[in-house]
Amino acid sequence: MSGTLNKVMLIGHLGDEVKMHYFEGGGCIGRFPLATNETYTNKTTGERVSNTEWHNIVVRNKAAEICEKYLKKGDKMYVEGRIKTRKWTDDKGMERYSTEIQCVDFTFLTAKQESGMQQGGQPQAVAPSQPQVAQQPATPAPTPPEQPVEEDDLPF
């Protein structure tokens, strides 16, 4: 394989609220920490060991605004993106490095009922479940007549 791949897929919990930074041109960036956990049993002691890894997530523009609006600390989410390491100089002139996940896609995994809050910070009332009504199956659409399949040399 001659190509390369820089792809990250994470499922974790937000460690803090989304911090937004707005630019003059109208763009924005949202940043937040995401915690992933690994739990295993130590074979020599039989003790359960849990390790938490923290990831710095960066989302841009509309995606950042959506995250800021709907996510809160502790929410579970899926993040897909790529690793990016930035080099910068701190206040004391020291070179520093920061490794981030540049988010390309995400999915919220915490249901609104689980978070217990709705927009505006008011407790959310859970509606009683509605009885399920059985629906009549739709009549199937007529299938077109099968056409002959041409043979080719492709293995798939």
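The values are calculated or read from the model by the stated rules, or taken from the named source; none is laboratory data. These figures come from a predicted structure and were not determined experimentally. FYI the Cβ positions are ideal-geometry reconstructions off the backbone, even for glycines, and counts take in every protein chain you see.
List every residue pair whose Cβ atoms lie under 6 Å apart, where the two residues are 6 or more positions apart in sequence or sit on different chains, the first residue falls within segment 1-23 and is more than 24 Å from LEU109 (Cα to Cα) and without any contact (Cβ under 8 Å) to a residue 60 or more places away in the chain, and the second residue, located anywhere, is in a strand (DSSP E or B) and of a type outside the set (Ser, Thr, Tyr).
HIS21/ILE29; TYR22/CYS28
So that you can scan it fast, the table gives a plain yes or no per residue for (1) part of a loop (DSSP other than H, G, I, E, B); (2) in contact with a strand residue (DSSP E or B) (Cβ under 6 Å, 6 or more places away or on another chain); (3) more than 18 Å from CYS103 (Cβ to Cβ):
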site: ASP16; (1), (2), (3): yes, yes, no
site: GLU24; (1), (2), (3): yes, no, yes
site: PHE32; (1), (2), (3): no, yes, no
site: GLY46; (1), (2), (3): yes, no, yes
site: THR52; (1), (2), (3): no, yes, yes
site: GLU68; (1), (2), (3): no, yes, no
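Check GLY116, GLY25 and return the single one that is at pLDDT below 95 and touching a Pro at 6+ places or on another chain (Cβ under 7 Å).
Numbers: GLY25 fails: touching a Pro at 6+ places or on another chain (Cβ under 7 Å).
Testing whether each residue is at pLDDT below 95 and touching a Pro at 6+ places or on another chain (Cβ under 7 Å) leaves just GLY116.
Given the conditions (1) outside any helix (DSSP H, G or I); (2) touching a residue at least 40 places away in the same chain (Cβ under 8 Å); (3) not acidic (Asp, Glu), report the number of the one that ALA64 does not fulfil.
(1)
Of the numbered conditions (1) at pLDDT 95 or above; (2) under 14 Å from VAL18 (Cα atoms), TRP54 satisfies every one except a single condition; which is it?
Single failed check for TRP54: (2).
Looking only at segment 17-31, filter to residues that are under 15 Å from LYS62 (Cα atoms) and under 19 Å from the mean Cα position of the chain (by Cα); which one of those is surrounded by the most Cβ atoms within 10 Å (Cβ to Cβ)?
GLY30
Could you say which residue among THR85, THR4 is loosely packed, with under 10 Cβ neighbours inside 10 Å, polar (S, T, N, Q), more than 30 Å from LYS112 (Cβ to Cβ) and under 21 Å from the mean Cα position of the chain (by Cα)?
THR85
So that you can scan it fast, the table gives a plain yes or no per residue for (1) of a type outside the set (Gly, Ala, Ser); (2) surrounded by 11 or more Cβ atoms within 10 Å (Cβ to Cβ); (3) within 21 Å of the chain's Cα centre (by Cα):
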| position | (1), (2), (3) |
| --- | --- |
| GLY15 | no, yes, yes |
| ALA35 | no, yes, yes |
| THR41 | yes, no, no |
| SER50 | no, no, no |
| GLU53 | yes, yes, yes |
